[in-house]
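This report concerns only the one structure given below.
Every number here is computed from the coordinates shown, using simple stated rules; none is lab data. All values reported here derive from a predicted model rather than from experimental measurement. Glycine also receives a Cβ, built like all others from the backbone with ideal geometry; neighbour counts cover every protein chain displayed.
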Amino acid sequence: MSFKAFPGRVAREMSEFFGIYYSGEAFKLFSPVHMVSLLIILVCNILVYFLSHRFKREKLDILVRYSIAAALIGTELSFI
């Protein structure tokens, strides 16, 4: 994955985490990193719930649904 939008040092640090072979510490259940990840997911879900009234138009609703589905499929395929 390329991080061209970030300056040199940040790009090098980020590419370590998103590389094919990650040699860092294992992801621990209920660690601070795990809790922050869960919090981000919770906030995204709450935002979708409260902003869902904006998606009542059929074309926008379909666009959002297919975008989420494509993101999920892409994520799952990236682990193959």
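The table below gives the values:
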| quantity | calculated |
| --- | --- |
| Calculated FRET efficiency for the pair residue 61/residue 35, C-beta based, R₀ 35 Å, to 0.05 | 0.65 |
| Inter-label distance for residue 25 and residue 54, nm, one decimal - labels placed 7 Å from Cα along Cα-to-Cβ | 3.7 nm |
